[in-house]
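Notes to accompany the following structure.
The values are calculated or read from the model by the stated rules, or taken from the named source; none is laboratory data. It should be emphasised that the depicted structure is a prediction, and the values quoted were computed from it without experimental measurement. For accessibility, only protein heavy atoms count, side chains too; no ligands or nucleic acids. Shrake-Rupley method; radii C 1.70, N 1.55, O 1.52, S 1.80 Å.
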Amino acid sequence: MKRGRSYGKVALMALLFVLASALFFNIRPIPPATEDNCVRVTATVIDIHEGRGQADIVLTLSGDDQAYYINRGLERGLRIQELRHELLNKQTDLYFVRHPSFIPQTPRHVARLSTRDELVFSEWKTEDTHPYPHRQ
């Protein structure tokens, strides 16, 4: 009987270790956006609306079931109506931050947004790039 209890304790400890590891890797904050840790998606924007709290702006792309958000975009001076005018039904390059996790990231954090003609938003840190270039 002692042997059975010993295996039970080992199994319980192993399970707790796996759960703690999963939590550690999934609860990490999104890293600062750089060109190297972002993934580019090119698609047509079909919807732009305010997110649920935190003044986020949510974008929906054609042919993509993922949601994308600009973190605290309204607090940063972006306006939904202006973005709709600039982006709706236009092909857009959107870069989201790659966030290693066991659980798929939904919605995805937008780090850079541009059309063929204009840089609309960027979180990438460079000396010559203002986050909202056309709003300076």
Theoretical gain in end-to-end length, VAL41 to GLN81 [0.36 nm per residue, Cα-Cα removed]: 12.2 nm
So the carbon and sulfur contribution to the accessible area of segment 32-80, 1.4 Å probe, in percent, is 42
Each residue of segment 34-39 in turn: what ³J(HN,Hα) in whole Hz from Karplus with 6.51, -1.76, 1.60 and θ = phi - 60°, glycine and Pro shown as x? 9, 4, 6, 10, 10, 10
